[in-house]
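Engineer: The structure follows.
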Amino acid sequence: QKEVEQNSGPLSVPEGAIASLNCTYSDRGSQSFFWYRQYSGKSPELIMFIYSNGDKEDGRFTAQLNKASQYVSLLIRDSQPSDSATYLCAVTNGGFKTIFGAGTRLFVKA
Amino acid sequence: EAQVTQNPRYLITVTGKKLTVTCSQNMNHEYMSWYRQDPGLGLRQIYYSMNVEVTDKGDVPEGYKVSRKEKRNFPLILESPSPNQTSLYFCASRPSTSGSPDTQYFGPGTRLTVL
């Protein structure tokens with residue numbers, strides 16, 4: 001079982017819709033959770049991080065964390081074609097290692 | 001400008017020919033790390049360094065070496081590259097080694113092909 005799992009996609013949504021990206025993790029000691037966006041051929045860039053159960057909103061992005069279910073998600077409201085990218089979920093346990101999921105490819109159709 | 005730089009950006013080499021990929025950051029970060037990215041596998045950590053002269057293995061260290069003689073530099077060394085090390089490599093840094101969830105800053109990537 002992979003430590004951090006994501007649906008590889010592609011996830012296709014129409015412009016203006018809500019895109020929902022999901023991630024599950026296996027280490028119950030995980031403390032910090034990150035969502036990175038990666039455009040093709042580019043390096044990952046941080047979108048959001050979340051530490052506590054519940055929702056965290058930043059503009060069109062909302063991260064949701066449920067530690068009991070070992071589940072973290074990213075919602076993108078009013079999706080734009082420029083949001084088309086691969087979204088990487090990353091998890092740390094408070095130490096020095098970061099575990100990444102394989103990523104979910106998102107396509108936003110104009 | 002705060003950044004992480006990597007060189008070279010692209011490299012094609014042959015099996016067994018030693019190579020070094022350099023990584024440098026100008027943000028005075030303590031923590032630096034190397035990842036490789038392969039299709040369907042995401043980013044996998046190779047080695048990381050908590051500070052000068054302090055390094056540790058990540059999840060896929062076999063076939064790689066690192067050194068941290070200066071705070072700003074963290075080179076990745078492939079003593080005898082093999083075709084299964086063909087990959088996209090990223091260097092990253094972050095400001096703290098305390099275990100706090102500081103965000104990582106990634107370099108632009110090095111695409112390595114080993115023939």
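The values are calculated or read from the model by the stated rules, or taken from the named source; none is laboratory data. Keep in mind that what you see is a predicted model, and the values were worked out from it rather than measured. Using ideal geometry, Cβ is built from the backbone for each residue, glycine included, and neighbour counts are taken over all protein chains shown. For the accessible areas, the whole protein counts, side chains as well, though only heavy atoms, and no ligand, DNA or RNA atoms are used. Shrake-Rupley method; radii C 1.70, N 1.55, O 1.52, S 1.80 Å.
Here is a yes/no grid of residues against (1) in contact (Cβ under 8 Å) with a residue 40 or more places away in the chain; (2) open to solvent by less than 70 Å² (accessible area, probe 1.4 Å); (3) more than 19 Å from B:Arg94 (Cα to Cα):
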residue: B:Tyr10; (1), (2), (3): yes, no, yes
residue: B:Thr13; (1), (2), (3): yes, yes, yes
residue: B:Thr20; (1), (2), (3): yes, yes, yes
residue: B:Tyr35; (1), (2), (3): yes, yes, no
residue: B:Asp38; (1), (2), (3): yes, yes, yes
residue: B:Tyr48; (1), (2), (3): no, yes, no
residue: B:Lys57; (1), (2), (3): no, no, no
residue: B:Pro61; (1), (2), (3): no, yes, yes
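Engineer: Conditions: (1) outside any strand (DSSP E or B); (2) open to solvent by 20 Å² or more (accessible area, probe 1.4 Å). B:His29 meets all but one. Number of the miss?
Structural biologist: The one condition B:His29 does not meet is (2).
Engineer: Across segment A:1-38, which residue is surrounded by the fewest Cβ atoms within 10 Å (Cβ to Cβ) among those that are farther than 17 Å from B:Tyr35 by Cβ and of a type in the set (Phe, Trp, Tyr)?
Structural biologist: Step by step, filter segment A:1-38, then rank; the result is A:Tyr25.
Engineer: May I pose another question? Specify which of the listed residues (A:Ser8, A:Ser82, A:Ser30) is part of a loop (DSSP other than H, G, I, E, B) and over 22 Å from B:Leu88 (Cβ atoms).
Structural biologist: Being part of a loop (DSSP other than H, G, I, E, B) and over 22 Å from B:Leu88 (Cβ atoms) holds for just one of A:Ser8, A:Ser82, A:Ser30, which is A:Ser30.
Engineer: Go through (1) in contact (Cβ under 8 Å) with a residue 24 or more places away in the chain; (2) within 27 Å of B:Leu112 (Cβ to Cβ); (3) in contact with a Pro (Cβ under 6 Å, 6 or more places away or on another chain) for A:Ile99 and report which single condition fails.
Structural biologist: It is condition (3) that A:Ile99 fails.
Engineer: Which one is modelled with the lowest pLDDT, of the residues in segment B:71-95 that are in a loop (DSSP other than H, G, I, E, B) and open to solvent by 20 Å² or more (accessible area, probe 1.4 Å)?
Structural biologist: If we take residues in segment B:71-95 being in a loop (DSSP other than H, G, I, E, B) and open to solvent by 20 Å² or more (accessible area, probe 1.4 Å), then B:Pro95 is modelled with the lowest pLDDT.
Engineer: Another one. Is it the case, given these coordinates, that A:Ala63 is part of a strand (DSSP E or B), out of contact with any Asp or Glu (no Cβ under 8 Å at 6 or more places or on another chain) and within 16 Å of A:Gln6 (Cβ to Cβ)?
Structural biologist: The answer is no for A:Ala63.
Engineer: Scan segment A:99-110 for residues that are open to solvent by 60 Å² or more (accessible area, probe 1.4 Å) and either closer than 18 Å to A:Cys23 by Cα or facing chain B (nearest Cβ under 9 Å) (or both) and report the count.
Structural biologist: 2
Engineer: Of these, B:Glu53, B:Glu62, which one is closer than 26 Å to A:Ser30 by Cβ, more than 14 Å from chain A (Cβ to nearest Cβ) and modelled with pLDDT of 90 or more?
Structural biologist: B:Glu62
Engineer: Quickly run through segment A:53-75 and pick out the residues that are on the phi > 0 side of the Ramachandran plot and in contact (Cβ under 8 Å) with a residue 40 or more places away in the chain.
Structural biologist: Listed by number, the list holds a single entry, A:Gln70.
Engineer: Has segment A:51-68 got at least one residue that is aromatic (Phe, Trp, Tyr) and within 24 Å of B:Phe106 (Cβ to Cβ)?
Structural biologist: yes
Engineer: Now for a different question. Being open to solvent by 20 Å² or more (accessible area, probe 1.4 Å) and more than 8 Å from every other protein chain (Cβ to nearest Cβ) is the filter here; which residues of segment A:71-98 pass it?
Structural biologist: Within segment A:71-98, A:Tyr71, A:Leu75, A:Arg77, A:Asp78, A:Gln80, A:Pro81, A:Ser82, A:Ser84, A:Thr86, A:Asn93 qualify.
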